[in-house]
Amino acid sequence: MRTAYNVETVRAAERELMARLPEGALMQRAAAGLAAACADLLGRVYGRRVVLLVGSGDNGGDALYAGARLARRGAGVTAVLLAPERAHSEGLAALRRAGGRAQGVDGAERLIENADLVLDGIVGIGGKGGLRPDAARLAEVADRARAAVVAVDLPSGVDADTGEVRGAAVRADLTVTFGTHKPGLLVDPAREYAGSVRLVDIGLALPAEAELEALQHADVRRLLPVPTGESDKYRRGVVGIAAGSARYPGAAVLAVYGALRGGAGAVRYVGPAADAVIARFPETLVSDRGPKQAGRVQAWVVGPGAGEDASAVGEVLASDVPVLIDADGLRLADRDAVRARTAPTLMTPHAGEAAALLGVPREEVEGARLASARELAERYDATVLLKGSTTLVSDAGGGAVRVNPTGTAWLATAGSGDVLSGLAGSLLASGLSALDAGSVGAYLHGLAGRFAAGGAPVGAHDVAEAVPAAWRDVTDA
């Protein structure tokens, strides 16, 4: 599992380690890893032109020491000092001894335009807000230039803890981060600025519980439900789908499609789209008597395409089994009824729906995705899966927020969320917790989206069809 820790935790671990190491040793570890990553990116170091953008903090020191290592291998290295009087003196001396040089910001644009690599050491992990004007101008030049841009620890101008970007920031092709990932490297909008991320182990001792975690294939494989010789369709779990309307019958079909691919033994459908569901999936168990009279299920999915059917939402929320609420169900669900539930609840809004539930503009949710997911989970005392460019799963009881690493922009298509709801609901019915069902569902859904799209437009039904391939990819790894 990939984990990320906040700035306060990282700094405490660094202080503890520095107390046991010779002075400067930790920075040298970071610089060695940074220089190696830059060399790998350049391919050939000798004769390459490297520009260091150096601020006043330790990130500037890391950049200077890394630049010294590259200079010793024959690169032409120039440090642009944004605060010359506060530049890391030992790092600057090391660069000059290695044959590198330093200058102020005057004339830096031309250097950047002619560089092969620009190393961003402007602001460290404690930076808040966007870049100052001089730094913002150089970051813009670097973004336009042909040079590869490498960020030290994280791109300058992004918030390490939240992933927020409140002004101008460096856009990196590669971010070399030390000790652990920071939340901003995994959460949009900051993730978009980080490019590829390379983690350099510098020996930090970190707590067991992280701020953020991202499942990998091995983690998902351990969580996937696997039938045994004694399994039957009921022991594997039955998921109920209360979805669709006369106006949106396709939402019901797609939710059922996702549920049939999610590992439960059977799918019950309740709603006005029964004919469309049966025509497409004759294995579905259909009822016209409402959720309360539909028969025993181990979990419910309610809301996709439901229109104004508040009664079905109310009946599902009154049940004593896990419930996934999506789409129209989010708008129709009474918050007090959700909070009063004793069985797990998983809510799956996109940014617009989350904004409506929180009473804020959509832009506020998109700019502060981590905070929004946590606040919504706290307000509703529910597990929240916030869909979007970075899908996050925040548990009702707090703890590490899960970030999904498998998504693709091709999943931004009508009906894709309905497939995810059915898939995650099926995992709920098979016995996974709300946190695990949401995380595993998002992981498989994202992977299926990649497989189905293959770099081209994709429909929601294609995503559902590709879920078994994603499942096999995880279990065969």
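Quick look at the values:
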quantity	calculated
Prolate/oblate/rounded label for segment 326-425 (Cα gyration tensor, a/c 1.5)	rounded
Net charge, V419 excluded, C-beta distance under 10 Å - Lys, Arg +1, Asp, Glu -1	-2
Length-normalised contact order of the chain in % [C-alpha pairs under 8 Å, at least 6 apart]	12 percent
About the Cα centre, charge dipole magnitude for segment 16-170 (Lys/Arg +1, Asp/Glu -1 at Cβ), debye	680 debye
Whole-angstrom gap from segment 157-205 to segment 349-391, using each part's C-alpha centre	21 Å
Accessible-area order (highest first, 1.4 angstrom probe) of the listed residues W471, W300, W410	W410, W471, W300
Solvent exposure ordering (accessible area, 1.4 Å, most first) of Y65, Y46, Y248, Y257	Y46, Y248, Y65, Y257
Separation of alpha-carbon centers, segment 96-144 and segment 32-75, rounded to whole Å	13 Å
Unit charges at the beta carbon, dipole of the chain: most positive-side option, V45, P207, A160	V45
Heavy-atom accessible area order for R86, R29, largest first, 1.4 Å probe	R86, R29
Average Cα contact separation per residue, segment 340-427, under 8 Å, 6 or more apart, as relative contact order %	22 percent
Neighbourhood charge, 10 Å Cβ-Cβ cut-off, centred on W471 and excluding it, Lys, Arg +1 and Asp, Glu -1	+1
Under 15 Å, Cβ to Cβ, from A327 - net charge with Lys/Arg +1 and Asp/Glu -1	-3
Inter-label distance, nm, simple model (7 Å from Cα along the C-beta direction), D232/A371	5.4 nm
Nearest-10 value in Å² for the accessible area of H461, using the 1.4 Å probe	100 Å²
Reachable lysines, given that their alpha-carbon falls under 28 Å from the alpha-carbon of K387 and they are not under 8 places away in the same chain	K128, K182
Check: segment 181-265 dipole with +1 on Lys, Arg Cβ and -1 on Asp, Glu Cβ, in debye	440 debye
Mean Cβ neighbour count within 10 Å, used as a protection proxy, ranking 99-110, 7-18 highest first	7-18, 99-110
Residue-level accessible surface for E211, protein heavy atoms, 1.4 Å, Å²	50 Å²
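The values are calculated or read from the model by the stated rules, or taken from the named source; none is laboratory data. Just so it is clear, the structure is predicted and the values come from calculations on it, not from any experiment. In this analysis, Cβ positions are derived from the backbone assuming ideal geometry, glycine residues included, and neighbour counts consider all displayed protein chains. Each accessible area value is taken on the protein alone, full model and side chains, heavy atoms only, with ligands, DNA and RNA left out. Shrake-Rupley method; radii C 1.70, N 1.55, O 1.52, S 1.80 Å.
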